[in-house]
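Here's the structure, in structure tokens; my notes come after.
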Amino acid sequence: MQASQRFMTIIEGFLLALLAGLLQLVFPAELGETGLSLEMGLVLILFYAFRRGPLPACLAGALVGLIQLYQVPDALTNWPHSLALVLASAAVGLAGLFARNLQRTLHNRRMSSVYLNLVTGSFIGVLCYFICRFIDQALVQGAALAEAFRSNGLSFLLNLGIALAILVVTLNVSAKYFIPRYTKYISRKERSRLLND
């Protein structure tokens, strides 16, 4: 990867992480008294993971976690909770493990495989996030296991449904946004229109 492409990846990740962190700050941490959390910033981290891969997405997720620490009143004194929040946000970037397959199948217009990669990657990314949140609530904060499992399980289903709905609509409206211009997952030979026509 050239230096200019690396720079664009960093800038894109920084801007999406900043926007995702702001979305996390705008939406309430819990929906009423249900204990369910609506994490809208996860959608942007997932989108970035599918564009750039796991490492940049994990770093962008960690940046979102650091931005979220603004909401935590005792972030410096309660460092295990702060660390768990940053690790949970970084874990969403694991959806980027499916970036290569998603981009290659999208480039070859095999839409059933594209949807499979999108759903599987989103499932793994959101699941990792809520597993980290469950561990944080159950072990670090000392919440009851049953209550932590119920709230995180239902929050997982809610956020996965919202993320999939937004990503599938984005994929159907403009699939070109999922493949960056100089992606490392599609070779120059595969991109050549003369050879593939």
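The values are calculated or read from the model by the stated rules, or taken from the named source; none is laboratory data. Note that the structure is predicted; figures quoted are calculated from it, not measured. With ideal geometry, Cβ positions are generated from the backbone for all residues, glycine too; neighbour counts draw on all protein chains shown. Only protein heavy atoms, including side chains, enter the accessible area calculation; ligands, DNA and RNA are left aside. Shrake-Rupley method; radii C 1.70, N 1.55, O 1.52, S 1.80 Å.
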With each pseudo-label sitting 7 Å past Cα toward Cβ, what's the ILE131-TYR177 distance in nm, one decimal? 2.9 nm
Kindly write out, for the stretch 96-108 in residue order, the coupling ³J(HN,Hα) from the Karplus curve 6.51 cos²θ - 1.76 cosθ + 1.60 (θ = phi - 60°), rounded to whole Hz, with x marking Gly and Pro. x, 4, 9, 5, 4, 5, 5, 5, 5, 5, 5, 4, 8
In degrees, nearest 10, range 0 to 90: what is the angle between the Cα axis of helix 54-68 and the longest Cα principal axis of the chain? 30 degrees
Just add up the charged neighbours of VAL92: K/R +1, D/E -1, any other residue whose Cβ is under 14 Å from the Cβ of VAL92. +2
Pick from ASN152, ASN172, ASN117: which is most flexible by mean-square fluctuation in a GNM of the chain where alpha carbon atoms under 10 Å apart are linked? ASN172
Kindly write out, for the stretch 28-44 in residue order, the coupling ³J(HN,Hα) from the Karplus curve 6.51 cos²θ - 1.76 cosθ + 1.60 (θ = phi - 60°), rounded to whole Hz, with x marking Gly and Pro. x, 5, 9, 8, x, 9, 6, x, 7, 10, 9, 10, 6, x, 4, 4, 5
What FRET efficiency would be calculated for the residue pair LEU25, VAL169, taking the C-beta separation as r and a Förster radius of 25 Å, to the nearest 0.05? 0.55
Could you grab the relative contact order for the stretch 1-189? Cα pairs under 8 Å, six or more apart, rounded to a whole percent. 23 percent
Just report the Cα centroid separation between the stretch 107-157 and the stretch 59-88, whole Å. 18 Å
Zone of THR77 (label point 7 Å along Cα→Cβ, backbone N under 20 Å): which residues in the stretch 116-155? 137, 140-143
So if a site counts as exposed when it's one of the GluC sites (Glu not before Pro), its DSSP state isn't H, G, I, E or B, and it has at most 16 other Cβ atoms within 10 Å, what's the longest stretch of the chain without one? 34-197
In Å, the Kirkwood estimate of hydrodynamic radius for the chain over Cα pairs equals 17.4 Å
Among TYR115, TYR177, TYR129, whose mean-square fluctuation peaks in a Gaussian network model of the chain (Cα, cutoff 10 Å)? TYR177
Helix 145-173 axis, angle to the chain major axis (alpha carbon atoms, nearest 10°): 30 degrees
With a 1.4 Å probe and every protein chain left in place, tell me how much accessible area ILE45 has, in Å² to the nearest 10. 10 Å²
Go ahead and set up a Gaussian network model of the chain, Cα springs under 10 Å, then flag whichever of LEU55, LEU76, LEU18 fluctuates most. LEU76
So how do PHE7, PHE134 rank on accessible area, 1.4 Å probe, biggest first, that is with the largest at the start? PHE7, PHE134
Using the basic label-point model (7 angstrom from Cα toward the beta carbon), what is the LYS184 to MET111 distance in nanometres? 3.1 nm
Where does each of VAL86, VAL64 land when they are ordered by accessible area, with a 1.4 Å probe and the largest first? VAL86, VAL64
In nm, what is the difference between 0.36 nm times the number of residues separating LEU55 and GLU147 and their Cα-Cα distance? 29.9 nm
How far is helix 3-26 tilted off the main Cα axis of the chain, in degrees rounded to 10, range 0 to 90? 40 degrees
